[in-house]
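The values are calculated or read from the model by the stated rules, or taken from the named source; none is laboratory data. It should be emphasised that the depicted structure is a prediction, and the values quoted were computed from it without experimental measurement. As a convention, Cβ positions derive from the backbone with ideal geometry for all residues, glycine included, and neighbour counts pool all protein chains shown. Only protein heavy atoms, including side chains, enter the accessible area calculation; ligands, DNA and RNA are left aside. Shrake-Rupley method; radii C 1.70, N 1.55, O 1.52, S 1.80 Å.
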Amino acid sequence: MNIVITGGSGFVGSYLCENLINDGHKIVVIDNLLTGSTENIKQFMDNENFIFMEHDVQNHIEIEDEVDYVLHFASAASPKAYTEHPVNTLKAGSVGTINTLGLAKKHKAEYLLASTSEVYGDPLVSPQNEEYWGNVNPNGERSMYDEAKRFAEAAVATYARSYNLRTKIVRIFNTYGPRMQLNDGRVVTNFIVQALKDEDITIYGDGSQTRSFSFVEDTVDGILSLMRSNEYDVFNIGNPNEFKVLTLAEKIIKLTNSNSKIIFKPLPSDDPKQRKPDITKAINKLNWEPRINLDDGLKITIDWINKELIRE
Ligand code: NAD
Ligand code: UDP
């Protein structure tokens with residue numbers, strides 16, 4: 001297939017490129033390098049099945065060759081990144097989704113949207129299954145991301161109904177692993193970098209808020225399982241094992257043999273108190289479930305971050 005991946009030079013996108021190229025597909029990456037890096041895709045740059053287009057998805061997208069599949073992953077994704085690039089984030093999820101849907105419509109291509117657990121906001125039910133409509137502040141400090149993704153889902157559903165487009169939506173839960181940007185401000189990277197440097201570990205709030213962390217290979221496996229399936233629907237992809245942020249900090253200190261102390265900083269506004277995916281639907285319909293537990297995934301990530309810090 002000829003596959004367009006927006007955001008393909010980012011963390012998750014680069015693993016999708018790797019898997020799909022290895023399966024013999026032709027890939028066009030569209031990315032403005034806002035938070036991604038050509039470092040993540042440098043191994044494909046000379047591959048005849050790989051094209052890199054530096055382009056912002058908020059602008060019209062023109063591709064002359066056939067397109068069989070569009071994966072829309074372009075968006076700032078960490079709270080720090082979308083706070084630094086609020087308008088681009090809003091446009092990547094809104095105008096960018098319309099532009100990529102238009103591309104899929106023109107080429108009669110299938111379409112897969114990278115949505116997020118953030119569409120559930122600060123959830124009032126736990127675990128969250130795909131039927132839950134969420135609890136989102138429409139104009140809060142995370143709204144440029146949460147609401148853009150909610151609009152993106154609405155746009156996908158509307159194009160599917162209006163133009164018979166074959167579409168899928170993956171709601172990705174907190175994913176971590178090698179190739180994350182070390183300064184992305186996410187909890188796993190912050191804590192590991194702080195622990196390896198014996199700096200204070202910064203917990204926002206009292207650390208009782210929870211997250212469920214999925215190792216990137218599991219997440220990507222889940223996305224590819226959805227892509228290859230005949231399910232034109234919405235799926236949670238994540239790891240249902242839920243941890244307090246404080247527990248994560250303690251685990252990372254232990255795994256790195258660090259001398260870091262834990263310190264507490266103010267909790268950012270609208271920071272969700274809990275997050276845990278119900279993945280029953282993915283297990284039953286995609287025959288997928290995560291395999292890598294948090295300790296094993298953290299060890300691999302710590303090893304990789306350690307090497308990156310030495311390289312710096
Ligand atoms: P990332 O920042 O590493 O990747 C995003 C990529 O999109 C980057 O390469 C960036 O340069 C590119 N991009 C951003 N805005 C763009 C624009 N306007 N035009 C073109 N390219 C643009 O983040 P990631 O973690 O790989 O996330 C990928 C996708 O998965 C995002 O859509 C994100 O919302 C979604 N997601 C990720 C997670 C996670 O935990 N990693 C969780 C939920 C959802
Ligand atoms: N967090 C923290 N210290 C940090 C970074 C993040 O305590 O240095 C907390 C953050 O407030 C949130 C959780 O860790 O409760 C996960 O944050 P992240 O930015 O990774 O993503 P989120 O799940 O909030 O989108």
query: How many of the residues in the stretch 29-57 are free of Cβ contacts under 8 Å to residues at least 24 places away in the same chain and part of a loop (DSSP other than H, G, I, E, B)?
result: 3
Enumeration of residues in the stretch 29-45 that are more than 18 Å from the chain's Cα centre (by Cα) and among the hydrophobic types (A, V, I, L, M, F, W, C): Phe44, Met45
Neighbours by Cβ (under 7 Å, 6+ apart or cross-chain): first from the stretch 1-25, farther than 19 Å from Leu101 by Cα and assigned to a strand (DSSP E or B); second open to solvent by 10 Å² or more (accessible area, probe 1.4 Å) and polar (S, T, N, Q): none
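The rows are residues; the columns are (1) in a loop (DSSP other than H, G, I, E, B); (2) over 21 Å from Thr189 (Cα atoms); (3) out of contact with any Gly (no Cβ under 6 Å at 6 or more places or on another chain).
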| position | (1), (2), (3) |
| --- | --- |
| Lys273 | yes, no, yes |
| Lys285 | no, yes, yes |
| Trp288 | yes, yes, no |
| Leu298 | no, no, yes |
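To keep it simple, each residue is scored yes or no on (1) away from ligand 1 (no atom under 16 Å from the Cβ); (2) of a type outside the set (Lys, Arg); (3) over 28 Å from Asn284 (Cβ atoms).
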| residue | (1), (2), (3) |
| --- | --- |
| Thr219 | no, yes, no |
| Asn230 | yes, yes, no |
| Phe235 | no, yes, no |
| Leu246 | yes, yes, yes |
| Leu255 | yes, yes, yes |
| Ser258 | yes, yes, yes |
| Ile263 | yes, yes, yes |
| Leu267 | yes, yes, yes |
| Asp271 | no, yes, yes |
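If I filter the stretch 42-63 for residues that are aliphatic (A, V, I, L, M), open to solvent by less than 50 Å² (accessible area, probe 1.4 Å) and under 30 Å from Asp270 (Cα atoms), do I get at least one hit?
yes
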field: Among (1) surrounded by 17 or more Cβ atoms within 10 Å (Cβ to Cβ); (2) more than 15 Å from ligand 1 (Cβ to nearest atom) - the single one Lys106 does not satisfy
entry: (1)
